[in-house]
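Derivation of every value follows stated rules applied to the coordinates shown; laboratory data play no part. Note that the coordinates shown come from a computational prediction; the quantities given were computed from them, not determined experimentally. Backbone-built Cβ (ideal geometry, glycine too); neighbour counts: all protein chains shown.
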């Protein structure tokens, strides 16, 4: 099996199951078995199938380009934020009681040390550079 399912260690085989589950309809949309070395995010393809759908991501899928493609296909996503990300907060989605500090218009890294709470529920805007892809 090690010829077909390369593992991270020599003289072993390793397989991964990649699965896209539709939680609303309780169905499996996509199923693929790969070797252990294949990164999870390489098997997530964007396209018109995302229209009106919400995708929940693990950090392995965090990529601004992927998020932009989901948005361009009129889809939605929820993801945790990488530690080094620093987007601008455009809207607070939850009102906090007590001595909550205003977050709108500020960058995450500028306010994170001033927060008493562990989580925030906000919309953000991030900028990234798109490289040339197939001549465009």
### Task
Using 0.36 nm per residue of separation minus the Cα-Cα distance, give me the extension gain between residue 116 and residue 61 in nm, one decimal.
17.0 nm
### Neighbour-count ranking [beta-carbon atoms within 10 angstrom, fewest first] of 1, 17, 115
17, 1, 115
### Task
Determine, from the Cβ-Cβ distance of residue 134 and residue 39 and an R0 of 25 Å, the FRET efficiency 1/(1 + (r/R0)^6), rounded to the nearest 0.05.
0.70
### Query
Which one, (1) 139; (2) 126; (3) 182, gives volume of the Cα convex hull per residue in Å³ as derived from the coordinates shown?
(3)
#### Entry: Rough spin-label spacing in nm, given labels placed 7 Å along Cα→Cβ, for residue 19 and residue 104
4.1 nm
### Query
Cα atoms only, the stretch 1-77: Rg and Dmax in Å?
14.8, 45
### Query
What is the fewest-to-most order of 133, 61 by other Cβ atoms lying within 10 Å of their Cβ?
133, 61
### Task
Name the residue, out of 103, 19, 93, whose mean-square fluctuation peaks in a Gaussian network model built on the chain with Cα pairs under 10 Å.
93
### Summary
Cβ density ranking, 10 Å radius, fewest first, applied to 136, 27 yields 136, 27
### Task
Give the percent of DSSP beta bridges with both residues in the chain that are antiparallel, rounded to the nearest 5.
80 percent
